[in-house]
Amino acid sequence: MKRLTTILLFIVMVVAAVEVVLPKVVSDAVAQGIRDMTGSRQVTAKVSKSPAILMLDGKFDKISADASDVKTEKITFRNMHIMLTGAAVDIKTLLTKRALVLDKIDEVEVTAIIAQEELANYLNTSIKGVKNAVVTISSGKVEVSSALTLGGIARVDVKLEGRIVGDRENHRIKFVTDRFWLNNTPVGNIGGSLLTELPLVDLKKLPFGVNVRDIVMEPGQVVIYTDNHS
């Protein structure tokens, strides 16, 4: 009887240890995998499955992750929150190579933040002729002030007022100008596509198949809500 009690106690201790240790090991591996997928500087992740031992089949109820400084082709997101529901992964690859290979995801929700400083940096480094752009994001709108050199000769002061919008048809996020000034004089759309419509993010190049659900402009930043719902 005493031996049986000892065995049962040992089993309970092993199960308890698995419930504590395994989620940490799997979550750390998932964080590394998402870091590699997103090019993020830092990622924290939490994987949910009960009981935890079932994580070894590679099927999780939820994966929640927060990434910082996520680099895309044009823009760096200051933060990205990722929620995966009903995910199935290659568990062997995850635990041995710390690489996240997704076999199936039922639902994806990604919330990303673009800071106004990052948008200014993009304009200054990526748009030919733009110098010293200053971006101010407030509730519902984006304002841009900059100097623009045309043909390497003429220099004009440019002011834009517009919005960050989602293009569901082309799976993109872009800046669209509503009002345009040259040297403090309001003008029509004479800037063509140079400054009046700027592509920012190609969602097809992100690691999760998402489209824009909503975009909210608030003081200092743009919050982008995406999911995989049709």
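Loop only per DSSP, at most 15 neighbouring Cβ atoms within 10 Å: give me the GluC sites (Glu not before Pro) in the stretch 65-121, ordered by residue number. Please report the intermediate quantities before stating the final value.
Numbers: sites: GLU73, GLU107, GLU109, GLU117, GLU118; in loops: GLU73.
Those that pass, being in a loop and sparsely packed, are GLU73.
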How would you rank 60-70, 199-209, highest first, on the average number of other Cβ atoms within 10 Å across their residues? 60-70, 199-209
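For the chain, what is the calculated [θ] at 222 nm in deg cm²/dmol (nearest 500), taking -39500 (n - 2.57) for each run of four or more DSSP H residues and dividing by its residue count?
Numbers: 4 runs with 59 residues, N = 230.
Dividing the helical sum by the residues of the chain leaves -8500 deg cm²/dmol.
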Among (1) 17.7; (2) 19.2; (3) 20.1, which one is Kirkwood radius over Cα pairs in Å computed from these coordinates? (3)
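Could you work out the relative contact order of the chain, using alpha carbon pairs under 8 angstrom and six or more residues apart, expressed as a whole percent? Can you show the working numbers first?
On the way: 512 pairs, mean separation 33.9, N = 230.
About 15 percent, as a whole number.
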Listed here are the pairs LYS59/LYS97; LYS97/LYS205; LYS24/LYS74; which of them are more than 27 Å apart at the Cα? LYS24/LYS74
Neighbour-count order for TYR122, TYR225, fewest beta carbons within 10 angstrom listed first: TYR225, TYR122
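The numbers here are math on the coordinates, done by the rules we state, and not lab data. What you see is a predicted model; the values in this text were computed from it and never measured. In this analysis, Cβ positions are derived from the backbone assuming ideal geometry, glycine residues included, and neighbour counts consider all displayed protein chains.
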